[in-house]
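Q: My questions all concern the structure below.
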Amino acid sequence: VQLQACGGGLAQPGGSLRLSCAISGSIFSINNVGWYRQAPGKQRELVAAINSGGSTSYVDSVKGRFTISRDNTKNTVYLQMNSLKPEDTAVYYCKGSDYSYGRHYWGKGTQVTVSS
């Protein structure tokens with residue numbers, strides 16, 4: 001299983017970005033996909049997740065601003081980020097989890113910078 005994240009960049013406060021996480025390989029084994037972020041000097045945190053049933057969850061700091069979704073026809077999970085704040089600045093990663101075998105697959109990060 002391979003995950004490829006993209007879509008990061010520079011946005012102004014209040015702006016929007018959409019991240020994409022393309023999944024290839026044995027995608028049928030992936031039960032859950034999460035978006036994580038890590039800011040300089042901080043621990044990596046889970047931002048949003050979506051499971052195979054379509055249920056979603058979010059960290060409190062992004063509720064109402066970020067939306068995680070998936071397109072099964074494209075094997076891609078998205079993170080739509082609106083009303084961006086400077087504190088959203090971080091490297092964002094996607095992770096696919098296979099709970100049957102306890103395996104986790106990380107994609108390379110994509111930088112998101114929110115600044116005026």
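Every read-out reported here was derived from the displayed coordinates using simple, explicitly stated rules and does not represent laboratory data. These figures come from a predicted structure and were not determined experimentally. When we count neighbours, we look across all protein chains shown, and the Cβ atoms used for this are built from the backbone with ideal geometry, even at glycine.
Q: Of all beta bridges DSSP finds with both residues in the chain, what is the antiparallel percent, to the nearest 5?
A: 90
Q: Set the Förster radius R0 to 22 Å, insert the Cβ-Cβ distance between residue 55 and residue 26 as r into 1/(1 + (r/R0)^6), and round the FRET efficiency to 0.05.
A: 0.50
Q: Moving on. Counting Lys and Arg as +1 and Asp and Glu as -1, what is the net charge of the other residues whose Cβ lies under 13 Å from the Cβ of residue 16? Could the numbers behind the result be given before it?
A: Working: positive: 18, 65, 85; negative: 88.
Once positives and negatives cancel, what remains is +2.
Q: What length, rounded to one decimal in nm, is gained on full extension from residue 46 through to residue 103, with 0.36 nm per residue of separation minus their alpha-carbon distance? It would help to have the intermediate numbers written out before the result.
A: Working: separation 57, 0.36 × 57 = 20.52 nm, distance 1.69 nm.
Separation in residues times 0.36 nm, less the Cα-Cα distance, equals 18.8 nm.
Q: Run the numbers on the chain and let me know its relative contact order in percent, using alpha-carbon pairs under 8 Å that are six or more apart.
A: 38
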